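Below is one structure, written out as structure tokens, with a few remarks after it.
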Amino acid sequence: MKLLIAVTHLLGTGHLSRALTLGRAFGAAGHQVFLISGGMPAPQLNHDGLNTLKLPPLRSDGVDFTRLLDESGQAATPEYLCARKAAFCTALRQFEPDVIITELFPFGRRILSAEFNAFLDTAATLPKAPVVLASIRDILAPPSKPAKAEKAEQIIAQHYSGVLVHSDPTLTPLEVSWPVTPALQAKLHYTGYVAPPPSGPHPEGAGHGEVLVSAGGGSVGTPIYRAALGAAALTPDLHWRLLVGGKDAAERIAVFQGEHSLTNVTLEKARPDFRQMLHHAAASVSMCGYNTALDLLQAGTPSVLIPFDEGNEVEQGLRAESLARESAMEVLRSGDLTPEALAASVRQVTRQTPHTGSTGQFDGAACSVKIVETLLEAQL
């Protein structure tokens, strides 16, 4: 099988991370994988073993997904967007895949509709029509207007053979966040959660007894880091380790170091062994993105979840509410985030019996491979 995965991450890297995990699973099953990435470079993610094309990159203007910026931070021009679309469609014609997977579209990335629609139209002209599938996480950003859901369903009906839903329907069915009509329901294939294999404990026990604080890169995590520094001052018996991500991590760490002189705080760049450290931590403090949630569930770490909710975002809040049913998991809304509240929440989860992992499935990547193989075979 020749598989093409198309993904553009505009804010965080969760969409790209999930697409890469899927790509590696298909590659491990002996299939030829070509991944087209349209977001900013993410060298911290594992691209090993995958043939990847990087389009002229785009990102959103913070949480404003109606304004696209190029790599230099300038507004993307029509010429820039046309160059992306041309490269996108040319790569498709040259590769001639048997199967196409579009990450999130048409349930999201509406601002990129022109290039995705051109891509889908091009796919329909290939000598052999590919199986086209959408790939979506457990919870979507609910449509602000019924017309948006209706348009997505029209595109699904016209171009798509199915939708891979990377969730456990017994825990989080798609209708929690998106209107599911009978026609759409018939095209849904639940795969379980797409997660890397469990990491296992850290060989050196790194993070033992610490409060691990991770809030990604960029300014969206700054309030969490500042609250953590304040909470550390209130809990001198706990050691807090703040893991700062992003290209400007060194500069941000220097700023934080200049603002405190606490002996129970360690500030460092985000670490590749973070998932292993979770097994030894007293508690985790983080947002509640898809990949982070799976890491916490797999490790069974007592957790304080601070869902990202800027720009009317509700995805992480819905996911956090679902996870809060687990023991030793507390939700602290960003509007309630203070050093005192964070310190109290950390105390609360460390006194509870840690959860032993979700009942949900974590083999979503392997399950996706089997589903796609079956769909392709049915078309032959």
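Go ahead and set up a Gaussian network model of the chain, Cα springs under 10 Å, then flag whichever of Val211, Val314, Val304 fluctuates most.
With Cα springs under 10 Å in the chain, the top fluctuation among Val211, Val314, Val304 is at Val314.
For the range 47-90, what percent of Cα pairs sit more than 17 Å apart? Mind dumping the intermediate values first?
On the way: 382 of 946 pairs.
Value for the range 47-90 (Cα pairs over 17 Å): 40 percent.
If you take every residue apart from Pro182 with its C-beta less than 15 Å away from the C-beta of Pro182, what net charge results, scoring Lys and Arg +1 and Asp and Glu -1? If you can, show how the numbers build up before the last one.
Details: positive: Lys187; negative: Glu150, Glu153, Glu175.
So the environment of Pro182 carries a net charge of -2.
Using a Gaussian network for the chain with springs between C-alpha atoms less than 10 Å apart, which of these wobbles most: Ser60, Ser144, Ser37?
The residue with the greatest mean-square fluctuation here is Ser144.
Counting Lys and Arg as +1 and Asp and Glu as -1, each charge on the Cβ, what is the dipole of the range 223-367 about the Cα centre in debye, to the nearest 20?
On the way: 12 positive and 17 negative charges, 65 e Å.
Here the size comes out at about 320 debye.
If you line up the long axis of helix 113-124 against the longest principal axis of the chain, both from Cα atoms, how many degrees apart are they, to the nearest 10?
Helix 113-124 sits roughly 40 degrees off the main axis of the chain.
Tell me, what is a quarter of the convex hull surface for the C-alpha atoms of the range 250-340, in nm² with one decimal? Intermediate results must be reported in sequence, preceding the final value.
Working: hull surface 28.4 nm².
About 7.1 nm², averaged over all directions.
Taking θ as phi - 60°, what are the ³J(HN,Hα) couplings along the range 140-153 by the Karplus curve (6.51, -1.76, 1.60), each to the nearest whole Hz, with x for Gly and Pro?
Coupling constants for the range 140-153: 9, 6, x, x, 6, 9, x, 4, 5, 5, 5, 5, 4, 5 Hz.
Quick check on the chain: what does the Kirkwood estimate of hydrodynamic radius come out to from the alpha carbon pairs, in Å? Numbers along the way, then the final one.
Values: mean 1/r = 0.0462 Å⁻¹.
Result for the chain stands at 21.6 Å.
Just want the answer: with Cβ charges of +1 for Lys and Arg and -1 for Asp and Glu, which residue in Val176, Ala215, Gly30 is farthest toward the dipole's positive end in the chain?
Gly30
Compute, for the chain, the length of the dipole vector about the Cα centre, with Cβ point charges of +1 (Lys, Arg) and -1 (Asp, Glu) only. Units Debye, rounded to 20. Intermediate results must be reported in sequence, preceding the final value.
Details: 30 positive and 37 negative charges, 98 e Å.
With Lys and Arg at +1 and Asp and Glu at -1, about 480 debye.
For the chain, take the longest principal axis of its alpha carbons; what is the angle in degrees between that and the long axis of helix 14-28, to the nearest 10 within 0 to 90?
The answer is roughly 60 degrees.
With +1 assigned to the C-beta of every Lys and Arg and -1 to the C-beta of every Asp and Glu, and no other charges, what is the dipole magnitude of the range 1-122 about the Cα centre in debye, to the nearest 20? Walk me through the intermediate numbers first.
Working: 11 positive and 11 negative charges, 29 e Å.
Charge dipole of the range 1-122: 140 debye, to the nearest 20.
Out of all Cα-Cα pairs in the range 1-143, roughly what percent, to the nearest whole number, are more than 26 Å apart? Present the calculation step by step, with values, prior to reporting the outcome.
Numbers: 1925 of 10153 pairs.
Here the long-distance tail beyond 26 Å is 19 percent of all Cα pairs in the range 1-143.
Measure nothing fancy, just the Cα-based angle from helix 78-95's long axis to the longest principal axis of the chain, in degrees from 0 to 90, nearest 10.
70
Which residues' amide hydrogens lie under 5 Å from the amide hydrogen of Lys269, considering only partners 5 or more residues apart or on another chain, with H built in the peptide plane?
The list, which skips near neighbours in sequence, is Val244.
Using only DSSP helix segments of four residues or longer, with each worth -39500 (n - 2.57), what per-residue ellipticity at 222 nm results for the chain after dividing by its residue count and rounding to 500?
Values: 12 runs with 139 residues, N = 380.
The helix contribution divided over the chain gives -11000 deg cm²/dmol.
Hey, in the GNM for the chain with a 10 angstrom Cα cutoff, which one of Ala183, Ala75, Ala282 fluctuates hardest?
Among Ala183, Ala75, Ala282, the largest mean-square fluctuation in the Gaussian network model of the chain belongs to Ala183.
Which residue, chosen from Ala124, Thr235, Ser113, occupies the Cα position most advanced towards the positive end of the dipole of the chain, where the dipole is computed from +1 (Lys, Arg) and -1 (Asp, Glu) charges on Cβ about the Cα centre?
Ala124
No value in this document is a laboratory result; all are computed from the given coordinates. Quick caveat: nothing in here was measured; it's all calculated off a predicted structure. No Cβ is skipped: glycine too gets one built from the backbone with ideal geometry, and neighbour counts run over all protein chains shown.
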